[in-house]
Amino acid sequence: MTFEELYEVWKTDKSSSFKPTTYSVYVLTAESHLLPNIGQLEDVSEEDIISLQDTLRKRIGEKSSYDAARLAMNIIRYAAKKGLCPMPNWTLRRVDAFSHNHPVDFNPLTPKQQGAIIDFVSKDRIPRNIGLYLAVTTGITSGELCSLRWQDIDFRAKVLHVRCIVSNYYKIDAETQDRTWSVEVGDNTAVRDIPLSERQLAFLEPEKDLHLPECFIVNNQSTPWERRYVRDYMNKVYDALDIKGHQFKDLRHSFAIRCIEAGCDYGSLAKLLGVNQIERLFNAYRSYVKENPRKYMEKAVNAMPLPAR
């Protein structure tokens, strides 16, 4: 059987095993990236998967190419357990090692560029600009930004409540395979309270009590924006400011780098970003850490009590 035939069996059997958003992502990944490259292969080898990832890396980046390779491996293992093909005698060790040790592919903004964005949104306080301010100064994702409601800005506790995430996905009809685009506010695995500084609170203060608490911040409506609308608008802001070669996700990476440059430890950064694995942050941003062992030795020893006299 070809990989495409194995995939069709996996697709039918797994249609009810995943959340709709997860299943939609898997199907789109397979049909957009796996089938065109390895769909007609009858024996997918480790070399085929490595070659696949190398091909995809140039088009969709490190993380997405790694996810695609893992999905291919999972489909093959599923088919092997069903007796449709031999169980592969290889693993994704090389792929795993590459994913965890290779720096994340991103293009951070400079402090000057971040300042230009903040200045831009400050001059026109429409809801989407308030949202962009939060993205620049907290590092939230586009899905988290689209899920934020005005009530999530807690002026009393001085925190931003991140509770949900907006997902965009295709609902796939099991019989006809027709796809319907859907937007859903769902659970977030990175639930957290992000502390707000006095400067952030001062920026947000004029919005206090001006909006219905249950409305979403970026569009001030009762239904959420799609993530692509936020990303498209951010691209327009980049163009207006003549900032080239950046994406929405660079706001998050840039925030993380500013935190590290300010001396933030990885444990605290993980809490701010809602990341469970500190190792991921270290591998992503280690080149931006300016190590100064003497400074930390001075701090550590100075924090200890003086000897008794």
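The values are calculated or read from the model by the stated rules, or taken from the named source; none is laboratory data. Everything quoted here is computed from the prediction, not taken from an experiment. Counting neighbours? That spans all protein chains shown, and the Cβs are built from the backbone with ideal geometry, glycine included. Note: areas computed on protein heavy atoms with side chains; ligands, DNA, RNA excluded. Shrake-Rupley method; radii C 1.70, N 1.55, O 1.52, S 1.80 Å.
Summary of values
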| item | result |
| --- | --- |
| Among residues of region 268-298, those that are over 19 Å from Ile140 (Cβ atoms), open to solvent by less than 50 Å² (accessible area, probe 1.4 Å) and modelled with pLDDT of 80 or more, counted | 1 |
| Residue match in region 53-67 (condition: touching a residue at least 12 places away in the same chain (Cβ under 8 Å), more than 30 Å from Gln247 (Cα to Cα) and acidic (Asp, Glu)) | no |
| Flag if Lys58 is of a type in the set (Lys, Arg) and either at pLDDT 90 or above or closer than 30 Å to Ala202 by Cα (or both) | no |
| Pick from region 154-181, criterion of a type in the set (Ser, Thr, Tyr) and open to solvent by 40 Å² or more (accessible area, probe 1.4 Å), ranking: modelled with the lowest pLDDT | Tyr170 |
| Lone qualifier among Gln200, Gln151 - being under 24 Å from Lys123 (Cα atoms), open to solvent by 40 Å² or more (accessible area, probe 1.4 Å) and at pLDDT 90 or above | Gln151 |
| Complete set of residues in region 203-228 that are without any contact (Cβ under 8 Å) to a residue 60 or more places away in the chain and either touching a Cys at 6+ places or on another chain (Cβ under 8 Å) or open to solvent by less than 40 Å² (accessible area, probe 1.4 Å) (or both) | Gln221, Ser222 |
| Residue satisfying condition, being under 21 Å from the mean Cα position of the chain (by Cα) and at pLDDT 90 or above, within set Gln221, Gln247 | Gln247 |
